[in-house]
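Peer 1: This is the structure I want to talk about, given as structure tokens.
Each reported figure results from applying straightforward, stated rules to the coordinates on display, with no laboratory input. Predicted, not measured: the structure shown is a model, and the values here were computed from it. Using ideal geometry, Cβ is built from the backbone for each residue, glycine included, and neighbour counts are taken over all protein chains shown.
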Amino acid sequence: MVREAGGPIGRERGSTTLELTIIVPALLLVMASIFQAGLWFFAREVVLAAAEEGARAAAVEDGDAGAGTQKAREFVDRTASNLVDNVSVSSRRTTTRATVTVSGRSLSLIPGVDGFTITQTATFPVERIT
């Protein structure tokens, strides 16, 4: 069987290329979004763990707010210094509670986007001998 020029096959030439030029960038955007969400979630967990570590250090019987700040900073530097930027730590200790707040920006895979701000707070009761 001989195909005629301009038949059904001739009119569909290049349609696969056109479909791929539309589908591949969309697929890459979806994959990049999934990776970005994973990075944000991991950075959030690291910042939360740093806040908890700092609050634990500040809550011990002979601890203070400065010890909590130092411990939280050390945790972020040791665990994910290249994943979380612009880290700021604040801590407060009262007679009953020690609170540490850690903030930072997660790494961004999207060019031109600075990253997403993450803030986590942890509070522990202060140890007392009664």
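Peer 1: In the Gaussian network model of the chain, springs joining C-alpha atoms below 10 Å, which of G68, G112, G38 carries the largest mean-square fluctuation?
Peer 2: Maximum fluctuation in the GNM of the chain, among the listed residues, is at G112.
Peer 1: Using the 10 angstrom Cβ neighbour count as an exposure proxy, how do L28, L39 rank, fewest first? List each step's numbers first, then the result.
Peer 2: Numbers: L28 10, L39 18.
Least to most surrounded, the residues fall as L28, L39.
Peer 1: A follow-up question, please. Give the relative contact order (percent, whole number) for region 33-76; include only Cα pairs under 8 Å separated by 6+ residues.
Peer 2: Working: 31 pairs, mean separation 16.0, N = 44.
That works out to 36 percent.
Peer 1: Identify which of I23, I34, I110 has the largest mean-square fluctuation in a Gaussian network model of the chain, with springs joining Cα atoms closer than 10 Å.
Peer 2: I23
Peer 1: Nothing charged except the Cβ atoms of Lys and Arg (+1) and of Asp and Glu (-1): what's the magnitude of the dipole of region 15-130 about its Cα centre? Round to the nearest 20 debye.
Peer 2: The calculation lands at about 260 debye.
Peer 1: Give the distance, in whole Å, between the Cα centre of region 21-53 and the Cα centre of region 73-119.
Peer 2: Computed from Cα coordinates, the inter-centre distance equals 16 Å.
Peer 1: Also, quick follow-up: Taking +1 at the Cβ of each Lys and Arg and -1 at the Cβ of each Asp and Glu, which of A51, V100, F41 sits farthest along the dipole of the chain towards its positive end, judged by Cα position relative to the Cα centre?
Peer 2: Ranked along the dipole, the leading option is F41.
Peer 1: Once both axes come from the Cα atoms, what is the angle between helix 15-59 and the longest principal axis of the chain, in degrees from 0 to 90, rounded to 10?
Peer 2: Once rounded, the angle reads 0 degrees.
Peer 1: Let me check against my output: what whole-number percent is the relative contact order of the chain, with C-alpha pairs under 8 Å and at least 6 apart? Before the final figure, lay out the partial values.
Peer 2: Numbers: 200 pairs, mean separation 32.0, N = 130.
Averaging sequence separation for qualifying contacts and normalising by length gives 25 percent for the chain.
Peer 1: Cut-off 10 angstrom, C-alpha nodes, Gaussian network model of the chain. Which of R93, R44, R78 fluctuates the most?
Peer 2: Its mean-square fluctuation being the largest, the pick is R78.
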